[in-house]
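This report concerns only the one structure given below.
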Amino acid sequence: MDFQSLVAAHMRDRRPPPMSASAEDRYYRDQVTLPRLKLRLLGLIGTTGGTILLLAGIALA
């Protein structure tokens, strides 16, 4: 038996079970909403932006 056949024979089926209509509506409604930015993430974005601006200022001077 070749390697590909051996792997295919031992792979589990990863398909999720079928959802009801209301569960499917909830799933897609939750996917559409934008995630809330946490304070730590906003701080990281601000720090990264400030560092980039600082380095750009140094490079142009």
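For the pair TYR27 and LEU54, the difference between a 0.36 nm per residue extended length and the Cα-Cα distance amounts to 5.5 nm.
Taking all protein chains together and rolling a 1.4 Å probe, ASP13 ends up with roughly 110 Å² accessible.
The values are calculated or read from the model by the stated rules, or taken from the named source; none is laboratory data. What you are looking at is a predicted structure, and each value in this text was computed from that prediction instead of being measured. We work out accessible area using only protein heavy atoms, side chains counted, and drop any ligands, DNA or RNA first. Shrake-Rupley method; radii C 1.70, N 1.55, O 1.52, S 1.80 Å.
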